[in-house]
Amino acid sequence: MAKLTAPKGTKDVLPSDSYRWQYVESVLKQICNDFNFKEIRTPTFESTEVFARGVGDTTDVVTKEMYTFLDKGGRSITLRPEGTAGVARSFVENGLYAGVLPLKLFYLISCFRYEKPQAGRLREFHQFGVEMLGTTTPNSDAEAIIFGAEIFKRLNIGNITLNLNNIGCKECRKAYNEKLKAFLEVKKDSLCETCQERLGKNPMRIFDCKSEVCQSLIKDAPTIFDCVCDDCRDHFNTVTDILDTVGITYKIDKGIVRGLDYYSKTVFEFVSDNIGAQGTVLGGGRYDGLIADLGGNDAPGIGFAMGIERLLLLAEGAMEVFEDTPDVFFIPIGDAAKKQVYQLVYSLRGQGISAEYDLNARSVKAQMKYADKIGAKYTVVIGDDEIAQGSYPVKNMSNGETVNVAPDEIITVVKA
Ligand code: ATP
Ligand code: MG
């Protein structure tokens, strides 16, 4: 029979690695707690319309990368390529705008994009993201950015650059798009086919093109940063003032437009040079028009999403994280001892101690080796004598010291 393999662009997270994921997830959840963000869980798939309208139908994600299919009822369904559109749909559908605002939400999800797999680029990948809905102030932009910076700080990840841009509101973009079009119209024939189309529909998207030719053609184009209205300029200046106040350093990168259509005003990316081409670990921005595009009240929002796989690539070597191993391993000799071990393991586990014993009928010697291999912190060998005397030798595996205690005192030794 042919060997079964995981689909291209997907990855198993094996037990030898999953503890690193759990560690990162626990740090992220702790930051959410400290910043007062609450979790939202939305479906893995949505009506295709949610992304077509929510992400924007001139984006790479929507035009090229979505996993879209008809279900058995003939509905067009899409596996979520990102988190924000589903959260926005839920916000509208559940009337959350009528509650206390801003709503500060986070999600930890898998996403699906049909892309060319390479290091840090998968077809199923994982995102951590936050969204703040129902707030227009620059303070919330700053809060999202400070949150992002906090992640790298707590995970000890250095060499990260925070890039910021101001891409203005709908109004300043309208005027700017005309300027950009005029600049590029004369070079139109040299643009790639996709960008020729973008020039008509959404010229700013050309900044996102990966072709070197297009990049060189757009290099000297006027930037949106220099063309925004006074409101948008003031908004951005307040954001950078707050970052300056708390001591977060950044660079202005007038070329960032972000891959998704819904952004406005502040956009930002945290980028690393350490993981090759896929250097953008976290990206986000303000999306004041999104909720309205999805048919809701005009609730403004700001958020970001971060790729967990890319974060883990970066965190290699930076994180001091160790796999958790059993606290205590019991080795029974004889039938009476076996029964005693069943009881002890059951009782200790119930009290939050990771207790373990052999499930594979190994010899006593082999059990010793096995206990060592799985990294048990303590071992206890129990035979008829130990039971008769009510005294159990609890051996510390790191220094070989043994203390003899009554069965109900084992917990105090192994907890220490
Ligand atoms: P890129 O330019 O690398 O394609 P993007 O702009 O498409 O990134 P976003 O849509 O902003 O990415 O998603 C936010 C984050 O999710 C990215 O910064 C990245 O860390 C992660 N990400 C996006 N696509 C993938 C993927 N295919 N595999 C792994 N991580 C990804
Ligand atoms: Mg992409």
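Here E115 passes the criteria (1) in a loop (DSSP other than H, G, I, E, B); (2) more than 12 Å from ligand 1 (Cβ to nearest atom) except the one numbered (2).
For V213, work out the one condition from (1) modelled with pLDDT of 90 or more; (2) crowded, with 19+ Cβ neighbours inside 10 Å; (3) on the phi < 0 side of the Ramachandran plot it doesn't fulfil. Checking V213 against (1) modelled with pLDDT of 90 or more; (2) crowded, with 19+ Cβ neighbours inside 10 Å; (3) on the phi < 0 side of the Ramachandran plot, the one that fails is (2). Hey, among the residues in the stretch 54-66 that are in contact with a Leu (Cβ under 6 Å, 6 or more places away or on another chain) and not small (G, A, S), which one's nearest to ligand 2 (Cβ to nearest atom)? That would be T59.
Condition check ((1) assigned by TED's automatic domain parsing to the domain that holds R123; (2) surrounded by 18 or more Cβ atoms within 10 Å (Cβ to Cβ); (3) modelled with pLDDT of 95 or more) across all residues:
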site: K8; (1), (2), (3): no, no, yes
site: W21; (1), (2), (3): yes, no, yes
site: L28; (1), (2), (3): yes, yes, yes
site: F37; (1), (2), (3): yes, yes, yes
site: G73; (1), (2), (3): yes, no, yes
site: L79; (1), (2), (3): yes, yes, yes
site: V100; (1), (2), (3): yes, no, no
site: Y107; (1), (2), (3): yes, yes, yes
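Does the stretch 278-291 include one or more residues that are assigned by TED's automatic domain parsing to the domain that holds T58, part of a loop (DSSP other than H, G, I, E, B), away from ligand 2 (no atom under 16 Å from the Cβ) and crowded, with 20+ Cβ neighbours inside 10 Å? Looking for residues that are assigned by TED's automatic domain parsing to the domain that holds T58, part of a loop (DSSP other than H, G, I, E, B), away from ligand 2 (no atom under 16 Å from the Cβ) and crowded, with 20+ Cβ neighbours inside 10 Å, one finds at least one in the stretch 278-291, hence yes. Scoring V100 on the criteria (1) within 16 Å of ligand 2 (Cβ to nearest atom); (2) part of a loop (DSSP other than H, G, I, E, B) leaves a single failure, condition (1).
Only one of the numbered conditions (1) within 14 Å of ligand 1 (Cβ to nearest atom); (2) part of a helix (DSSP H, G or I) is violated by P7, and that is (2). Checked against the criteria, V246 counts as among the aliphatic types (A, V, I, L, M), loosely packed, with under 13 Cβ neighbours inside 10 Å and touching a helix residue (DSSP H, G or I) at 6+ places or on another chain (Cβ under 8 Å). Specify the residue that is nearest to ligand 1 (Cβ to nearest atom); the eligible residues are those in the stretch 41-70 that are more than 19 Å from S110 (Cα to Cα) and of a type in the set (V, I, T). Only one residue fits best here, namely T59. Sub-7 Å Cβ pairs linking a first residue in the stretch 397-409 that is polar (S, T, N, Q) to a second residue that is assigned to a loop (DSSP other than H, G, I, E, B), at least 6 apart or interchain, are N404/S391, ordered by first then second residue.
Residue pairs whose Cβ atoms lie under 7 Å apart, separated by 6 or more positions or on different chains, with the first residue in the stretch 260-277 and closer than 17 Å to P300 by Cα and the second more than 16 Å from ligand 2 (Cβ to nearest atom) and of a type in the set (F, W, Y), are Y262/Y287; Y263/Y287; S264/Y287; K265/F236; T266/F236.
When the residues of the stretch 118-132 are filtered to those that are in a strand (DSSP E or B) and more than 25 Å from K29 (Cβ to Cβ), the one that is farthest from ligand 2 (Cβ to nearest atom) is Q118. For A175, indicate whether it is surrounded by fewer than 19 Cβ atoms within 10 Å (Cβ to Cβ), of a type in the set (G, A, S) and in contact (Cβ under 8 Å) with a residue 24 or more places away in the chain. Yes, satisfied. Among the residues making up the stretch 116-148, those that are closer than 16 Å to D60 by Cβ, surrounded by fewer than 19 Cβ atoms within 10 Å (Cβ to Cβ) and either modelled with pLDDT of 95 or more or basic (K, R) (or both) are K116, P117, R121. Every test in (1) under 16 Å from the mean Cα position of the chain (by Cα); (2) more than 30 Å from G200 (Cα to Cα); (3) among the small types (G, A, S) is passed by G83 save one, and that test is (2).
The residue that is nearest to P203 (Cα to Cα), among those in the stretch 86-98 that are among the hydrophobic types (A, V, I, L, M, F, W, C) and crowded, with 22+ Cβ neighbours inside 10 Å, is A88.
The values are calculated or read from the model by the stated rules, or taken from the named source; none is laboratory data. It should be emphasised that the depicted structure is a prediction, and the values quoted were computed from it without experimental measurement. Cβ coordinates were reconstructed from backbone atoms using ideal geometry, including for glycine residues, and neighbour counts include every protein chain displayed.
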